[in-house]
Amino acid sequence: MLLSIKVIVSGKRACFTRPEMKAERVSYDVPTPGALEGLLKSIYWKPAMRYVIDRIIVFNPVEFTSVRRNEVKSKVKLGKMKAQMKEAEEVKQGKRDAITTDPRIYTNIGDERTQRASMILKNVRYGVEFHVELTGIRCEREQEECDPLKKHQAEFIRRCRKGQYFRQPCLGCAEFPAEVVLTDSFQLNEVCEENKGRHDLGYMLYRVCFRDGGRPVHGDWEKKVFSDEAESLFYRPIMEDGIIDVARYKEAVTC
């Protein structure tokens, strides 16, 4: 049974970066569905399920502020992480005396650290309505279950009520934490006057879609190798009285 779940998401700061801005970070006026999917995944997620955003309610006025932050240019190398894990296993087995590979990035060495300006949102509060769908990817235990969809829905609700999560839910960037509260209904009378009326938000990023669909290359689950090929999907939503009907406008998604 398809169940519509509603949560209230709020935070002091948020940044949903426009991909066309290269040098500096500039946030969209409202969150992208992909960013909200990532936020929900930080609470509960399995390969057998996916979140589909249906509606976004923007309660607070859209207010921007400018900040300057120190950022790291590079990413941690996957190869170094695997090498460190292998060396740790060899140390445990007595085949090696110590771990020599260090995958960490040191910002005080070289030009790893850079300072970038960001135009971010402040004092945000959103209502998010979504549902859960199955992807068709299941383990043996899930194949034996009568209703895996109902199980995933119940597990998300349970974790959300208890304030449990796998990693801190965030609003676009990891340093902007979000508070997520389960609700039965949205109080639309709490939408601010600035958001009333019809607002064309222009073309926005809908989500980044990986072409492998969450399945390893050649369907080999023993030696899992996933493709990193992805494409960006865009849509053009309109906010009416603070409400963005994502389910309505995602029909016009373009690459």
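A count restricted to region 150-202 and to residues that are farther than 21 Å from Pro33 by Cα, open to solvent by less than 40 Å² (accessible area, probe 1.4 Å) and out of contact with any Phe, Trp or Tyr (no Cβ under 8 Å at 6 or more places or on another chain) stands at 1. When Phe210 is tested against (1) among the hydrophobic types (A, V, I, L, M, F, W, C); (2) without any contact (Cβ under 8 Å) to a residue 12 or more places away in the chain; (3) open to solvent by 70 Å² or more (accessible area, probe 1.4 Å), only condition (2) is not met. So which residues in region 91-126 are acidic (Asp, Glu) and loosely packed, with under 13 Cβ neighbours inside 10 Å, if there are any at all? If the condition is that a residue be acidic (Asp, Glu) and loosely packed, with under 13 Cβ neighbours inside 10 Å, then Asp97, Asp102, Asp111 are the ones that fit. The criterion of at least 2 residues that are within 21 Å of the chain's Cα centre (by Cα) is met by the following strands (runs of 3 or more DSSP E) wholly inside region 104-205: 113-134, 179-183.
Across region 64-79, the qualifying residues are those that are surrounded by 11 or more Cβ atoms within 10 Å (Cβ to Cβ) and at pLDDT 90 or above, and the one among them that is farthest from Val9 (Cα to Cα) is Val67.
Look through Glu194, Glu179 and report the one residue that is more than 28 Å from Leu3 (Cα to Cα) and in contact (Cβ under 8 Å) with a residue 40 or more places away in the chain. Result: Glu194 is the single residue among Glu194, Glu179 that is more than 28 Å from Leu3 (Cα to Cα) and in contact (Cβ under 8 Å) with a residue 40 or more places away in the chain.
Taking region 1-35, which residues are more than 30 Å from Lys151 (Cβ to Cβ), outside any strand (DSSP E or B) and either among the hydrophobic types (A, V, I, L, M, F, W, C) or open to solvent by 10 Å² or more (accessible area, probe 1.4 Å) (or both)?
First, pick out the residues of region 1-35 that are more than 30 Å from Lys151 (Cβ to Cβ): 12-30.
Applying the additional criterion that residues be outside any strand (DSSP E or B) yields 15-16, 18-24, 28-30.
Correct list: Cys15, Phe16, Arg18, Pro19, Glu20, Met21, Lys22, Ala23, Glu24, Asp29, Val30.
The values are calculated or read from the model by the stated rules, or taken from the named source; none is laboratory data. These figures come from a predicted structure and were not determined experimentally. Virtual Cβ from ideal backbone geometry, glycine too; neighbours counted across all protein chains shown. Surface accessibility is based on the protein's heavy atoms, side chains included, excluding ligands, DNA and RNA. Shrake-Rupley method; radii C 1.70, N 1.55, O 1.52, S 1.80 Å.
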